[in-house]
1. Between a first residue in region 29-44 that is touching a residue at least 24 places away in the same chain (Cβ under 8 Å) and at negative phi and a second residue that is acidic (Asp, Glu) and outside any strand (DSSP E or B), which pairs have beta carbons less than 6 Å apart while being 6 or more apart in sequence or on different chains?
2. If you take the residues of region 115-132 that are assigned to a loop (DSSP other than H, G, I, E, B) and modelled with pLDDT of 95 or more, which of them is surrounded by the most Cβ atoms within 10 Å (Cβ to Cβ)?
3. Say we look at region 56-72 and pick out the residues that are buried (at least 17 other Cβ atoms within 10 Å of the Cβ) and without any contact (Cβ under 8 Å) to a residue 60 or more places away in the chain; which of these is farthest from residue 122 (Cα to Cα)?
4. What's the number of the condition residue 30 fails, among (1) among the polar types (S, T, N, Q); (2) at pLDDT below 95; (3) surrounded by 13 or more Cβ atoms within 10 Å (Cβ to Cβ)?
5. Enumerate the pairs (first residue in region 90-104 and basic (Lys, Arg); second residue anywhere and exposed (fewer than 15 other Cβ atoms within 10 Å of the Cβ)) with beta-carbon separation below 9 Å, excluding pairs fewer than 6 apart on the same chain, so at least 6 apart or on different chains.
6. Does residue 75 satisfy the criteria of being part of a strand (DSSP E or B), at pLDDT 95 or above and either within 19 Å of the chain's Cα centre (by Cα) or over 30 Å from residue 23 (Cα atoms) (or both)?
Amino acid sequence: MVDNNDDLDVIELEETLSDVERPPELPAGNYIGEVTDVQVQDSQKGNRYYAVKFLIPPDEIPADVRDDFEEGCTLYWNRQIKPSKGDRRALYNLRRFVEALGLDANTTTIDPNDWMGCTARVKVKHSKNPNTGEMNAGIQSVDSAEEVAAPALRGRKPEPEPEAEAPVRTARRARR
C-alpha cells in the first residue's frame, strides 16, 4: 500500500457544511471556452474517450450571475470517443472536434496536447440528473468559435445587411 497522507489532511471550513447551498448552474446558451485539460477515460461500457475540460471565462458569463462564477465555469466534454481502427463515426466526430478547435484536420496524427489553450464555442444546456433530480448544466455540442459574433457585438443585435435586389424574372413561354 502506498502511503499518501496528503489526501487525508484535516480541512478547516469557513462555515458549517450543512449551511452550504447549491451554487447556481451556468445558464443555457453559447459560450466561448478554452481547453484547459484533456484526459483519456474509460466509459462504463469500456469505451475509451477524451475527457476535455473547458473553462468558460468570467467575461463570457452573463452579468446577472457572473458574481457566482468569479473564477469562470468549468465544464467537461466527455463525448469525444478515442477512435479505434476502422471506426469511421468516431473518426468523423474527431475531425469535427479538431476543426472546431481551429486545428488542421488534414493530418494522420492526433496529439491531444495540441488541444490545450484552443478555444471553441460550447453550447450549454440543462438536463436532469437521474440520481438527484436536480438540473445540471452540461455541454451539448462543440463548434467553431469563428462562427460566433465578435465580442463587441455580443449582447447587441448586429446591423442588418442591406437587402440585395431581387433578380428580374422573365416569363417563359410554355412548350406545346
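1. Correct list of pairs: 31/60; 32/60.
2. Step one: list which residues in region 115-132 are assigned to a loop (DSSP other than H, G, I, E, B), which gives 116-118, 129-132.
Pick out the ones that are also modelled with pLDDT of 95 or more and you get 116-118.
Numbers: 116: 15, 117: 10, 118: 17.
Ranking the candidates gives 118 first.
3. Taking region 56-72 and keeping what is buried (at least 17 other Cβ atoms within 10 Å of the Cβ), we get 56, 60-61, 69, 72.
Then drop every residue that is not without any contact (Cβ under 8 Å) to a residue 60 or more places away in the chain, which leaves 60-61, 69, 72.
Working: 60: 11, 61: 12, 69: 17, 72: 14 Å.
Top of the filtered list is 69.
4. It fails just one condition, (2).
5. What qualifies is 95/105; 96/105.
6. On the way: part of a strand (DSSP E or B): yes; at pLDDT 95 or above: yes; either within 19 Å of the chain's Cα centre (by Cα) or over 30 Å from residue 23 (Cα atoms) (or both): yes.
Against the criterion (part of a strand (DSSP E or B), at pLDDT 95 or above and either within 19 Å of the chain's Cα centre (by Cα) or over 30 Å from residue 23 (Cα atoms) (or both)), residue 75 qualifies.
Table: residues versus (1) among the hydrophobic types (A, V, I, L, M, F, W, C); (2) outside any loop (DSSP other than H, G, I, E, B); (3) within 25 Å of residue 45 (Cβ to Cβ).
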| site | (1), (2), (3) |
| --- | --- |
| 83 | no, no, yes |
| 90 | yes, yes, yes |
| 93 | no, yes, yes |
| 102 | no, no, no |
| 106 | no, no, no |
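Here is a yes/no grid of residues against (1) over 16 Å from residue 33 (Cβ atoms); (2) over 19 Å from the mean Cα position of the chain (by Cα); (3) at pLDDT 95 or above; (4) among the hydroxyl-bearing types (Ser, Thr, Tyr):
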{"site": "83", "(1), (2), (3), (4)": "yes, yes, no, no"}
{"site": "97", "(1), (2), (3), (4)": "no, no, yes, no"}
{"site": "109", "(1), (2), (3), (4)": "yes, yes, no, yes"}
{"site": "113", "(1), (2), (3), (4)": "yes, no, yes, no"}
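The values are calculated or read from the model by the stated rules, or taken from the named source; none is laboratory data. Being a predicted model, the structure only gives us computed values, none of them experimental. All Cβ positions, even for glycine, are placed from backbone atoms using ideal geometry, and neighbour counts span all protein chains on display.
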